[in-house]
Amino acid sequence: MRMQKFLKELFKNQSYDENNFFLIAGPCVVESEELIMEVAEKVSSICKKLAIPYIFKASYRKANRTSASSFTGIGDEKALALVKKTGEKYSLPTTSDIHAHEEAAMAANYVDILQIPAFLCRQTELLLAAAQTGKIVNVKKGQFISGEAMKFAVEKIKNAGNDTVMLTERGTTFGYQDLIVDYRNIPIMKGHGVPVIMDCTHSLQQPNQASGVSGGNPELIGTIAKAAIAAGADGLFIETHPNPAIAKSDGANMLRLELLESLLIELVRIRKAT
């Protein structure tokens, strides 16, 4: 499982084991400077210790919320500036998700990777706008399509002249209020010639709850992550927060920050064994 050249360039400021998986982690959304700095400092320290290459993630805005009353953000450019500041302080590459084609160029001024939300993975204008920034593009697989069909998202980006593409598995719709992970999608999507990431937290969401707030099963994050490493995932995506109970978005399926290190130690062992 050799790391692709663009990822080696991305992690050039970090010391890590090239045979390890990489980690994308951070809180769901930028709530405050204090929060994202706390998470970045803690996670980067753990990753240095375990030789895991690390990308800091926080959404600058949550455009897809169940309820109109849900928190969406502190302001786009303010939040993006904080993500950039965090990356610079801890010498980390950064990522955030974009929601419309006109956001791509703006976000590209602040982050290293543009993330395409699962619900928008077929939006051609969005994919092309992200590709044209020259940034790495990480496309989350829609809950409604197969791993095979994600080749078309990859083709759209590459045909726009950008070969730095990654795909993320985040579960498949199962009924109305649950998701199920089909681990066949990991080798299938790797067959498209791109790194594949497992989103260990959003794949445990329980959407469309009558309360207007998505539920989740955070106690199974470790199970999802271990199976993904065993199935050959190149990277893991884990949203984490010091206190998910008070998080302003996706608290029901985030990992408590204090539990991250012990989980990563287990995952590194599994990676070495496989």
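The values are calculated or read from the model by the stated rules, or taken from the named source; none is laboratory data. Model, not experiment: these values are computed from the prediction. Positions of Cβ are backbone-derived with ideal geometry, glycine not excepted, and every protein chain shown enters the neighbour counts. Note: areas computed on protein heavy atoms with side chains; ligands, DNA, RNA excluded. Shrake-Rupley method; radii C 1.70, N 1.55, O 1.52, S 1.80 Å.
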Do we find that Asn138 is part of a strand (DSSP E or B) and closer than 23 Å to Ile186 by Cα in this structure? yes
Output for region 15-66, where each listed residue is open to solvent by 10 Å² or more (accessible area, probe 1.4 Å) and basic (Lys, Arg): Lys42, Lys48, Lys49, Arg61, Lys62, Arg65
Only one residue in Leu236, Leu259 is modelled with pLDDT of 95 or more and either open to solvent by 10 Å² or more (accessible area, probe 1.4 Å) or more than 14 Å from the chain's Cα centre (by Cα) (or both). Which one? Leu259
Kindly evaluate Cys200 against the criterion of being buried (at least 21 other Cβ atoms within 10 Å of the Cβ), over 23 Å from Phe21 (Cα atoms) and under 16 Å from the mean Cα position of the chain (by Cα). no
Name the single residue that is nearest to Gly26 (Cα to Cα) among those in region 189-222 being in a strand (DSSP E or B) and at pLDDT 95 or above. Asp199
Scanning region 141-161 residue by residue, those surrounded by fewer than 21 Cβ atoms within 10 Å (Cβ to Cβ) and part of a loop (DSSP other than H, G, I, E, B) turn out to be Gly142, Gln143, Phe144, Ile145, Ser146, Ala160, Gly161
Show me the helices (runs of 4 or more DSSP H) entirely contained within region 1-117 in which 1 or more residues are touching a residue at least 40 places away in the same chain (Cβ under 8 Å) and more than 23 Å from Val139 (Cα to Cα). 33-50, 76-90
When both residues are 6+ apart or on different chains and their Cβ atoms are under 8 Å apart, which pairs have a first residue that lies in region 135-147 and is more than 12 Å from Val194 (Cβ to Cβ), and a second that is open to solvent by 20 Å² or more (accessible area, probe 1.4 Å) and polar (S, T, N, Q)? Lys135/Thr164; Gln143/Thr172; Gln143/Thr173; Phe144/Thr172; Phe144/Thr173
Anything in region 223-232 that is farther than 18 Å from Gln206 by Cβ and part of a helix (DSSP H, G or I)? List them, or say none. Ala225, Lys226, Ala227, Ala228, Ile229, Ala230
